[in-house]
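Visitor: Would you mind keeping the following structure in view while I ask a few things?
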Amino acid sequence: MRLRFAGLWCVVLLTVFFLLSCESNLKDVQRMNATSFNPAGITEDINLKYTDSGKIKAILISPLMNDFTNLQYGFNEFPKGVNVTFYDNKGGKSHVVADYAITYEETSIIDLQGNVKLSTDDGKVLQTEQLYYDQKNEWFYTEKYFKFTDGEGEYEGPGIDFSKDFSVFNMQQNSGRINNLQ
C-alpha cells in the first residue's frame, strides 16, 4: 500500500513539475504568435523628392516618418506632420500642410489629418480637418467640413472633391459668398 501511495505521489509531483515547466514555454509561444507592430524603419528630418521622367512632381518634408511597409497592408506614418509641394506640368505649385499623415502603399492613398491647408500659387486656399489624396487619379476629397477661398469668393460646407489642378471641383453641400458679381 505504501508503494502505491509513493508511486501516486511521484506521478502527481511529476505532473505538477511538467505543468509548471510548460507555462513558461506557453508564454514564449504566445509571444511568437503575437503580431509585431514595429516600424521597419524610422527616418528623421526627411526631405523626399518624387520625380517622373526627370521632372520633380512633389517634395515631401517631415520631421519624422515611421515605415510600416513590413506589414501585410504596408503604410508610412508621419506622426509629426507633413509639408508637401506638388508641381503640375505647367509649372504651377500646390502646397499642403497637415499635422499628421499616412500614406497607404497598396492603394496609393494619402490621408492628411489635423489643420490641413492646401494652397495654390494663384491664391486658392482650402482648409479642413481631414483630406485624402488619391495619387493614382490625382484627386483630393473629404467628407469633413471645409472652407475654400479663391479670388472670386468663399465657400464652405461638408464634403468636397476636386482634381489636383482644381479644374474639376465638386461640393456636396455648400454656402458661400461671391465677391465679384458682374
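The values are calculated or read from the model by the stated rules, or taken from the named source; none is laboratory data. As the structure is a prediction and not an experimental result, all values here were calculated from the model. A quick note on method: Cβ atoms are made from the backbone with ideal geometry, for glycine too, and the neighbour counts reach across all protein chains shown.
Visitor: Within segment 38-93, track down each residue that is under 23 Å from residue 138 (Cβ atoms) and of a type in the set (Phe, Trp, Tyr).
Guide: Residues of segment 38-93 under 23 Å from residue 138 (Cβ atoms): 46-62, 65, 69, 73-78, 81-93.
Matches in segment 38-93: 50, 73, 75, 78, 86, 87.
Visitor: A further question on this structure: Can you report the number of residues in segment 89-144 which are part of a strand (DSSP E or B) and not hydrophobic (A, V, I, L, M, F, W, C)? Reasoning before the result, please.
Guide: If we filter segment 89-144 for residues that are part of a strand (DSSP E or B), which is where we start, we get 93-98, 100-104, 109-120, 125-134, 139-144.
Add one more test, that the residue is not hydrophobic (A, V, I, L, M, F, W, C), and what stays is 93-95, 100, 103-104, 111, 113-115, 117, 119-120, 127-130, 132-134, 141-144.
Total satisfying the criteria: 24.
Visitor: What residue, among those in segment 66-88 that are more than 19 Å from residue 131 (Cβ to Cβ) and touching a residue at least 24 places away in the same chain (Cβ under 8 Å), is surrounded by the fewest Cβ atoms within 10 Å (Cβ to Cβ)? Spell out how you get there, then give the answer.
Guide: Of segment 66-88, the ones more than 19 Å from residue 131 (Cβ to Cβ) are 66-74.
Imposing the further condition that a residue be touching a residue at least 24 places away in the same chain (Cβ under 8 Å) reduces the set to 66-71, 73-74.
Values: 66: 16, 67: 15, 68: 17, 69: 14, 70: 12, 71: 14, 73: 10, 74: 14.
Among those residues, the one meeting the criterion is 73.
Visitor: Which residues, taken from segment 148-182, are surrounded by fewer than 14 Cβ atoms within 10 Å (Cβ to Cβ) and either among the β-branched types (Val, Ile, Thr) or modelled with pLDDT of 90 or more (or both)?
Guide: 168, 178
Visitor: Sticking with this structure for a sec: Of everything in segment 91-105, what is of a type outside the set (Ser, Thr, Tyr) and free of Cβ contacts under 8 Å to residues at least 40 places away in the same chain? Give them in sequence order.
Guide: Result: 91, 93, 95, 96, 97, 98, 99, 101, 102, 105.
Visitor: Out of all the residues in segment 68-95, which are aliphatic (A, V, I, L, M) and more than 18 Å from residue 125 (Cβ to Cβ)?
Guide: So the first thing to find is which residues in segment 68-95 are aliphatic (A, V, I, L, M), and the list is 71, 82, 84.
Listed by number, the list holds a single entry, 71.
Visitor: Same structure, new question: Could you grab the pairs with beta carbons closer than 8 Å, sequence gap of 6+ or different chains, first residue in segment 34-56 and assigned by TED's automatic domain parsing to the domain that holds residue 95, second one small (Gly, Ala, Ser) and modelled with pLDDT under 90?
Guide: Going by the 8 Å Cβ cut-off, the qualifying pairs are 49/58; 50/58.
Visitor: Any residue that is of a type in the set (Lys, Arg), assigned to a strand (DSSP E or B) and modelled with pLDDT of 90 or more - is there at least one of those in segment 50-58? First the steps, then the outcome.
Guide: Restricting attention to segment 50-58, the residues satisfying the condition of being of a type in the set (Lys, Arg) are 55, 57.
With the extra rule that they be assigned to a strand (DSSP E or B), the set shrinks to 55, 57.
Going one step further and asking which of them are modelled with pLDDT of 90 or more, we end up with none.
No - not one qualifying residue is present in segment 50-58.
Visitor: Only residues in segment 127-146 that are assigned by TED's automatic domain parsing to the domain that holds residue 164 count as the first member; pair them with residues that are of a type in the set (Asp, Glu) and surrounded by fewer than 16 Cβ atoms within 10 Å (Cβ to Cβ), Cβ under 6 angstrom, at least 6 apart or cross-chain, and list the lot.
Guide: 144/129
Visitor: Which condition breaks for residue 37 when tested against (1) out of contact with any Lys or Arg (no Cβ under 9 Å at 6 or more places or on another chain); (2) within 23 Å of residue 163 (Cβ to Cβ); (3) aromatic (Phe, Trp, Tyr)?
Guide: (2)
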